[in-house]
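Before any comments, here is the structure.
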Amino acid sequence: MFSKETYIQRRKELKQKVGKGLILFLGNEETGMNYRDNVYTFRQDSSFLYYFGLDVASLHAVIDVENDQEIIFGDELTIDDIVWTGPKEPLSEKAAKAGIVNVKPSGAISRFLKNAKSLAQTIHFLPPYRGEHYLKLQEWLQIAPAAAAELASVSLIKAIVSMRSYKSAEEIAEIEKAVNTSVDMHLEFMRITLPGMTEKQVAGQLQSMAIGQGGDISYPIILTVNGEILHTHTRDLIMRDGQLSLCDAGAETAMHYCGDLTRTIPTGKKFTTLQKEMYEIVLNAEESAIAAAKPGVLFKDLHTLASTKLLEGLKAVGIIKGDPAEAVAHDVHTLFFQCGLGHMMGLDVHDMENLGEQYVGYTDELKKGTSFGWKSLRLGRALEPGFVVTVEPGLYFIPTLIDRWKAENKLSQFINYNKLESFRDFTGIRIEDDVVITEDGHRILGKKLAKSVAEIEALR
Ligand code: GLY
Ligand code: MN
Ligand code: MN
């Protein structure tokens, strides 16, 4: 945990921003994988962690803004529990470390909220994302699950986004710790990957490093020779010489701050000439977007810049014809770069995504796109000092998508489909770094990680 003052100050600011009513935070529960007591790794809700720091299951918190009350609802361990868990720090002592002195038994929350409702107090809550959240909102506030997301408090969402988006120095230090572990994982990836190994063998070894550092992975590792499959988690292929291996892996610290890096390497010792050429197209797009990252720049414009660089490269290879900028204006890039350039990162790898991408990544004036490609850009708004974002362009040759566009002869004034045919099985390349926006520019977080062709081949 950070010091108690951090949490007290955050709640004070939140109360000022929300102004009135009761704020209800639903902490997360343990979740059974295949029966109740065989649980997934516990993950606390990130906003709960941000305001209360308590990494313990089955807690809820209420902030009564007008009456300036802050209450944690949760139970101390019974002797029956201690038989299985061993003794633990009492909840009241833990809560005191977050500056909370008022701890009530979990059974008391239902009556507390009922009373607030009868007094016609506004009850603010966040959009639910777990089954247990829906059930609690139904039981305590009589909100039907189908209506819960819509009834979530927009003023609370906006207040939280306006705080969590700006990372403090102590948060950036924690994020950098996560990035450094992620760098170590990627160095291991570059050192141990050999033709004949399975994707799982390598991914398993990297995951153990994240756990060994005292935290965990910040999302399921993507480790694949089919880099064009954006979020593949099957990892059941044998890696072969001549193929590219893409690894998108990040650690989260014990305090749950995240890292998120991607590197693409030759499975054998060297890139082929074509792989090297294509890799350098993505590298140029990534480095150009990072170089342009500074306060005031729309992340949406960085996405356009990276997309233009990708198409300039593909023009040199002969896949694209015409003016690359004009081609981007026609969304030609979405055939090769179907996702977004990046996202906010913090306590969640896609930070605050559960609060809604429109609220986190856009503004009242700047709406998120709805068309193919643009709808996957999670962040569009102007960058500000303290934002931590990923920059992760890629080239993805998805045979089914190529076939679809080719059959429609789509945008054929820009696409040389005959040439593209020879790239059907090229697979995919992504390069991803984590960046903090500073007062006058940006800084790439973490230890330097091999990225150029020469640096990667030196490690192979
Ligand atoms: N690791 C998922 C992403 O890069 O967004
Ligand atoms: Mn990633
Ligand atoms: Mn990412």
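Restricted to the stretch 9-95, the set of strands (runs of 3 or more DSSP E) holding at least 3 residues that are without any contact (Cβ under 8 Å) to a residue 40 or more places away in the chain and either hydrophobic (A, V, I, L, M, F, W, C) or open to solvent by less than 70 Å² (accessible area, probe 1.4 Å) (or both) comprises 69-73.
More than 10 Å from ligand 1 (Cβ to nearest atom), under 18 Å from the mean Cα position of the chain (by Cα) and open to solvent by less than 50 Å² (accessible area, probe 1.4 Å): does that describe C258?
Here the answer is no, as C258 does not meet what is asked.
Number of residues in the stretch 293-346 that are open to solvent by 50 Å² or more (accessible area, probe 1.4 Å), part of a loop (DSSP other than H, G, I, E, B), of a type outside the set (G, A, S) and within 18 Å of T390 (Cα to Cα) equals 1. Number of residues in the stretch 238-287 that are within 16 Å of ligand 3 (Cβ to nearest atom), in contact with a helix residue (DSSP H, G or I) (Cβ under 9 Å, 6 or more places away or on another chain) and of a type outside the set (S, T, N, Q): the value is 14. State the number of residues belonging to the stretch 424-440 that are in a loop (DSSP other than H, G, I, E, B) and either basic (K, R) or open to solvent by less than 10 Å² (accessible area, probe 1.4 Å) (or both). Adding up the residues that qualify gives 2. Of all the numbered requirements in (1) more than 16 Å from ligand 3 (Cβ to nearest atom); (2) farther than 30 Å from D45 by Cβ; (3) hydrophobic (A, V, I, L, M, F, W, C), I290 misses one, and that requirement is (1).
When the residues of the stretch 216-237 are narrowed to those that are within 16 Å of ligand 3 (Cβ to nearest atom) and under 20 Å from D184 (Cα atoms), which ends up most open to solvent (accessible area, probe 1.4 Å)? Full working, then the answer.
The initial filter retains those residues of the stretch 216-237 that are within 16 Å of ligand 3 (Cβ to nearest atom), namely 217-224, 227, 229-233.
Imposing the further condition that a residue be under 20 Å from D184 (Cα atoms) reduces the set to 217-224.
Values: I217: 32, S218: 17, Y219: 34, P220: 69, I221: 0, I222: 5, L223: 1, T224: 5 Å².
Per the stated criteria, the residue is P220.
Name the residue that is farthest from ligand 2 (Cβ to nearest atom), counting only residues in the stretch 241-261 that are in contact with a Ser or Thr (Cβ under 6 Å, 6 or more places away or on another chain) and hydrophobic (A, V, I, L, M, F, W, C). The qualifying residue farthest from ligand 2 (Cβ to nearest atom) is L244. Could you figure out which of (1) of a type in the set (A, V, I, L, M, F, W, C); (2) closer than 26 Å to D440 by Cα; (3) within 16 Å of ligand 2 (Cβ to nearest atom) isn't true of L366? Here L366 meets the rest and fails (3). Contact map, the stretch 417-429: first residue at positive phi, second residue open to solvent by less than 70 Å² (accessible area, probe 1.4 Å), Cβ cut-off under 7 Å, separation 6 or more or different chains; pairs are T427/V225; T427/N226; T427/G227; T427/E228; T427/L244; T427/F397.
The values are calculated or read from the model by the stated rules, or taken from the named source; none is laboratory data. If you're wondering where the values come from, they're calculated on a predicted model, not measured in any experiment. When we count neighbours, we look across all protein chains shown, and the Cβ atoms used for this are built from the backbone with ideal geometry, even at glycine. Quick note on the areas: whole protein, heavy atoms, side chains included, nothing else; ligands and nucleic acids left out. Shrake-Rupley method; radii C 1.70, N 1.55, O 1.52, S 1.80 Å.
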